[in-house]
Amino acid sequence: MPAAARTTAHHLTGTVATDVLVVGAGLAGLHVATLLARQGHDVLLADRRTTLTAAIRTTGIFVRKTLDDFPLPVEHLGPPIRRVLLYPPGMRRPVGLVSDRDEYRVGDMAALYEASAATAAEAGVRIALGTRYTGRHGGTFRLTGRDGPAEVRARFVVGADGARSTVARDLGLDRNRHLLVGAEEVFEVLPNGEPPTFHCVLDPSIAPGYLAWVVHDGRHAHVGTAGYADRFPQGLRRTLERFSASAPGLSGVDRPEAVERRGGPIPVGGVLRRISCADGLLVGDAAGAVSPLTAGGLDPCLRLSELAASVLDDALNAGRPDTLAHYSGAGLRAAFRGRLSLRRGLSQVRTPAAATAAFTLLRTPPGRAAAGRVLFGDRSFPGRPAAPRLHAAHR
Ligand SMILES: Cc1cc2nc3c(=O)[nH]c(=O)nc-3n(C[C@H](O)[C@H](O)[C@H](O)COP(=O)(O)OP(=O)(O)OC[C@H]3O[C@@H](n4cnc5c(N)ncnc54)[C@H](O)[C@@H]3O)c2cc1C
């Protein structure tokens, strides 16, 4: 049986024992589960989704550092993107930045999740889809799947269950309080003669506290917006419709009637402080491992999963749960200090007039250099800054 087919084969009933129960088969959960299974541990991975190809939340933009450091299957990645256009409110006279390196690639997320699940299954992870974590009862964790409820006795539980983690609540760990909400439409496109481009619109009436985007890589268009939920007077959905009607970078593009819709919460308060206890730990969005400024969470979730797997491996081998105390977000938060203050700055841009004024700075050489550092820098999670290489875009 191919590995992908085995991923749904685990039906759970009664009481199940495992070394590690991982709740959530997003990229964070899949990665930590695979690493632990490769270290020889018994791992059960449960997700409430019945298929990993549906209910996708992310645009799937992978940054260069991730592409350099993780062996993502290239056949599931879109063409490299080097060009970014930043638009003020009104969308006239964008600021163009072009890197001399490939900076981004958009993943075909359905295929990437399936490939990651196949890799996890090959490593020996038992994957139970259509299986919801419903809570902790004393020493066991309760799952409800297609065959009804099951009790799991696990030495450790990993909360990879996203921004509003129930596992975090049940373990008494920190929870995300500072969240944006985002939504996008995705559809196939043909190459339009332009280089693959990431269009970003800084307009608080469309994206309050963040930005709206169009990514056109010659294969797919992603048209989306995100911001603070309470600052969308017409609601997120209506605002996305309004943006989509006049979004840049789509001239000559036939938008199909049926588009894929994605969306969800994005934690931007920085990695949480208390992300482990003697019974388990958190990874990915559940741990707040998202860049507060760019809202990119794919690179952080992969890197934090590596740390989590190594700490859990030590704890399982040593038989000492207190080893998990070394897994703390408090130290990691230091790397986010700069990005947290930039997030506070971005959240203060509340009117189109303020955003337009910010573009006056952005058009200066220091402003362009700062934008280049954010967009093309070598920072990752927790990462170190490095000088970007960019030159002006010729439009
Ligand atoms: C609109 C949008 C666009 C984004 N675009 C980008 C981008 O382009 N690049 C980037 O780097 N980051 C992006 N992000 C952020 C990024 O997608 C996330 O940081 C990343 O996907 C987090 O992965 P994760 O595995 O931690 O969580 P998730 O991918 O959210 O996975 C959590 C999983 O847990 C499961 N689950 C939840 N509760 C339960 C339960 N009780 N029982 C069982 N299963 C459960 C869910 O079904 C889900 O599969 C975006 C986010 C949004 C909302």
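Computed from the coordinates by the stated procedures, all read-outs in this text should not be read as laboratory data. Since the model is a prediction, treat every value here as computed from it, not as a measurement. So basically every Cβ, Gly included, is an ideal-geometry build from the backbone, and we count neighbours across all protein chains shown.
A few comments on the model shown:
- Sorted by Cβ density within 10 Å, fewest first, the residues THR134, THR364: THR364, THR134
- Between ALA325 and LEU361, the contour length at 0.36 nm per residue exceeds the Cα-Cα span by 8.5 nm.
- ILE61 long-range amide H proximity, modeled H, under 5 Å: GLY107
- Ranked from largest, the principal axis spans of the Cα set of the stretch 223-293 equal 55, 25, 20 Å.
- Note on the stretch 52-123: percent of Cα-Cα distances in each 5 Å bin, starting at 0 and stopping at the bin with the largest distance, equals 3, 14, 19, 19, 16, 12, 8, 5, 2, 1, 0.
- Fewest-first ranking of TYR228, TYR327, using other Cβ atoms within 10 Å as the exposure measure: TYR228, TYR327
- Antiparallel beta bridges, as assigned by DSSP with both residues in the chain, represent about 70 percent of the total such bridges.
- Treating each Cα of the chain as an identical point scatterer and summing with the Debye formula, the log10 of I(q)/I(0) at q = 0.08, 0.12, 0.15 Å⁻¹ comes to -0.42, -0.93, -1.37.
- The calculated FRET efficiency for VAL259 paired with ALA318, based on their beta-carbon distance and R0 = 56 Å, is about 0.65.
- Distances between placed amide hydrogens fall under 5 Å for GLY135 paired with ARG142, all partners being 5 or more residues away or on another chain.
- For the stretch 181-262, the mean projected area of the C-alpha convex hull, equal to one quarter of the hull surface, is 4.9 nm².
- Integer Hz, Karplus 6.51/-1.76/1.60 couplings in order for the stretch 199-212, x for Gly and Pro: 9, 10, 10, 9, 9, x, 7, 10, 9, x, x, 8, 9, 9
- Taking Cβ atoms as reference points and 11 Å as the exclusive limit, the residues near THR34 contribute a net charge of -1, counting Lys and Arg as +1 and Asp and Glu as -1.
- Label positions at LEU342 and ASP378, each projected 7 Å from the Cα along the C-beta direction, are separated by 1.6 nm.
- Dipole size of the stretch 1-111 about its Cα centre, with +1 on Lys/Arg Cβ and -1 on Asp/Glu Cβ: approximately 540 debye, rounded to the nearest 20.
- With Cα atoms as the point set, the radius of gyration and Dmax of the stretch 59-201 evaluate to 20.6, 60 Å.
- Backbone geometry of the stretch 262-276 corresponds, through the Karplus equation with coefficients 6.51, -1.76 and 1.60 at θ = phi - 60°, to 3J(HN,Hα) couplings of 10, x, x, x, 10, x, 10, x, x, 4, 6, 6, 9, 10, 8 Hz, x marking Gly and Pro.
- Cα gyration tensor shape for the stretch 263-360, rounded if a/c is under 1.5, else prolate or oblate: prolate
- Relative to its residue count, the stretch 1-106 spans a Cα convex hull of 156 Å³ per residue.
- The chain, dipole about Cα centre (Lys/Arg Cβ +1, Asp/Glu Cβ -1), debye to the nearest 20: 1460
- The eigenvalues of the Cα gyration tensor, multiplied by 5 and square-rooted, give the stretch 126-201 an equivalent ellipsoid with semi-axes of 38, 18, 10 Å from largest to smallest.
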